[in-house]
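Some notes on the structure that comes next.
The values are calculated or read from the model by the stated rules, or taken from the named source; none is laboratory data. Just so it is clear, the model here is predicted, and its values are computed rather than measured. Here the Cβ positions follow ideal geometry from the backbone for every residue, glycine too, while neighbour counts run over all protein chains shown. In case anyone asks, the SASA skips ligands and DNA or RNA and just uses the protein heavy atoms, side chains included. Shrake-Rupley method; radii C 1.70, N 1.55, O 1.52, S 1.80 Å.
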Amino acid sequence: MNQDERYMRTAIEMAQATEGQTSPNPAVGAVVVKDGEVLGMGAHLKAGHAHAEVHALNMAGSHAEGATIYVTLEPCSHHGKTPPCADRIVEAGIKRAVIATLDPNPQVAGRGVEKLKQAGIEVVTNVLKEQADDLNEVFYHYISTKIPYVTLKNAMSLDGKIATVTGESQWITGEKARADVHQDRHKHDAILVGVNTVIKDQPRLTTRLPDGGKNPVRIVLDTHLRTPVETPLIQNPDAPTWLVAGNNVSEEQREKYKAFPHVDILTVASSHVTVEEALHLLGEKGITSIYVEGGATVNDAFLRSGSVQQVITYIAPKMIGGQDAPTPVGGQGIKALKEALNLHIKEVVHIGNDLKIVSKPNR
Ligand SMILES: Nc1c(/N=C/[C@@H](O)[C@H](O)[C@H](O)COP(=O)(O)O)[nH]c(=O)[nH]c1=O
């Protein structure tokens with residue numbers, strides 16, 4: 001690994017630490033170096049706050065004159081909530097800029113680099129591009145489609161069951177794997193289940209980590225507003241709860257949720273909620289990523305609609321058996337194997353006694 005990659009890796013690692021908290025902005029890291037000495041470093045911490053380059057340049061102060069800056073994403077050139085970083089880099093007297101990847105936003109791609117070059121700064125791009133792009137898959141997906149990035153998560157036994165024939169499911173995977181689920185909940189803007197899961201599991205869908213964590217918006221696909229008022233999602237206001245219903249729900253059906261300010265009812269344009277319409281509606285409301293926790297019917301609908309960008313499967317070393325015991329994906333299924341959804345496995349990790357497999361649909 002050469003010098004540029006070494007410092008870019010540091011910038012990427014800083015950005016990785018902020019994953020989930022910068023939404024709807026990308027996670028970005030920056031390092032300022034001169035004569036082999038790190039003079040400043042920083043990451044974008046929260047939308048609306050200073051960008052990574054500003055933190056790193058503020059830390060370097062006047063020593064930034066003649067230095068090199070490493071940034072994981074092309075510096076912004078437009079006035080967003082903060083002044084353009086490209087101008088800030090020029091003002092600081094930076095001599096060389098190493099950038100991992102260009103901004104995916106069609107409106108700004110290449111403009112930041114152009115500004116730096118016009119100011120006489122040497123610019124190097126595509127250093128550790130793939131790692132930097134992996135950082136902001138959600139951001140890229142949402143900025144180009146305005147549809148939330150969807151992670152489908154399942155937890156099952158070795159023989160592929162998500163519960164016993166009597167519906168008992170808690171718990172199949174162990175403490176450590178379930179804590180990992182909460183880490184992933186923290187990273188997503190929203191968590192989504194179907195109303196049948198709400199009725200069966202009475203889930204809380206909050207992020208319960210030892211050192212806290214962001215509670216995602218809790219979304220229930222619920223065409224006929226069958227979510228019971230007594231369920232934790234309605235009773236406890238730990239996070240917003242959005243019920244996505246069909247457009248013919250009656251005023252009376254809506255009435256029962258009026259006593260809960262954290263509950264909102266979103267209606268799609270037709271009588272039955274489809275995944276496509278729900279995602280379009282949620283994208284319009286600024287949801288950039290959704291963690292889908294089932295159940296089997298909802299998982300089937302998401303997979304059949306081709307709206308899943310990532311599948312996370314936890315496998316516990318248990319055998320449950322029972323031909324009627326439920327499995328992760330319901331629905332009609334396919335007849336011929338050639339119709340199967342093909343994915344590629346990105347990662348397999350042991351977590352406690354369980355396995356976590358991250359896979360992505362082949363495009
Ligand atoms: N049965 C299991 C899961 N089950 C996942 C969903 O069916 C549950 O309703 C949901 O996680 C409950 O959310 P909570 O109330 O916020 O804890 N998920 C897992 O990773 N392992 C399991 O063994």
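Within region 187-218, which residues are open to solvent by less than 40 Å² (accessible area, probe 1.4 Å), of a type outside the set (V, I, T), under 20 Å from T313 (Cα atoms) and not in a loop (DSSP other than H, G, I, E, B)?
A190, L192, G194
Could you list, in sequence order, the residues of region 12-67 that are open to solvent by 10 Å² or more (accessible area, probe 1.4 Å), closer than 23 Å to K146 by Cβ and not small (G, A, S)?
E19, Q21, P24, N25, P26, V28, K46, H51
Within region 89-125, track down each residue that is open to solvent by 50 Å² or more (accessible area, probe 1.4 Å) and either within 26 Å of G20 (Cβ to Cβ) or of a type in the set (S, T, Y) (or both).
L102, P106, Q107, A109, T125
If you check V127 against the conditions, is it assigned to a loop (DSSP other than H, G, I, E, B) and either more than 10 Å from the ligand (Cβ to nearest atom) or out of contact with any Leu (no Cβ under 7 Å at 6 or more places or on another chain) (or both)?
So V127 fits the description; yes.
Where residues in region 164-173 are surrounded by 13 or more Cβ atoms within 10 Å (Cβ to Cβ) and within 8 Å of the ligand (Cβ to nearest atom), which of them is nearest to A296 (Cα to Cα)?
S169
Condition first: open to solvent by 10 Å² or more (accessible area, probe 1.4 Å) and either among the basic types (K, R) or within 12 Å of the ligand (Cβ to nearest atom) (or both). Now tell me which residues in region 219-250 satisfy that.
R226, P232, N236, D238
One residue is enough: does region 136-151 have a residue meeting the conditions surrounded by 21 or more Cβ atoms within 10 Å (Cβ to Cβ), in contact with a His (Cβ under 7 Å, 6 or more places away or on another chain) and at negative phi?
Within region 136-151 (the criterion being surrounded by 21 or more Cβ atoms within 10 Å (Cβ to Cβ), in contact with a His (Cβ under 7 Å, 6 or more places away or on another chain) and at negative phi), the answer is yes, since at least one residue qualifies.
Return the pair list, or none, for Cβ contacts closer than 9 Å from residues in region 242-265 that are part of a helix (DSSP H, G or I) to residues that are open to solvent by 40 Å² or more (accessible area, probe 1.4 Å) and at pLDDT below 95, at least 6 apart or on different chains.
If the second residue must be open to solvent by 40 Å² or more (accessible area, probe 1.4 Å) and at pLDDT below 95, no pairs are left.
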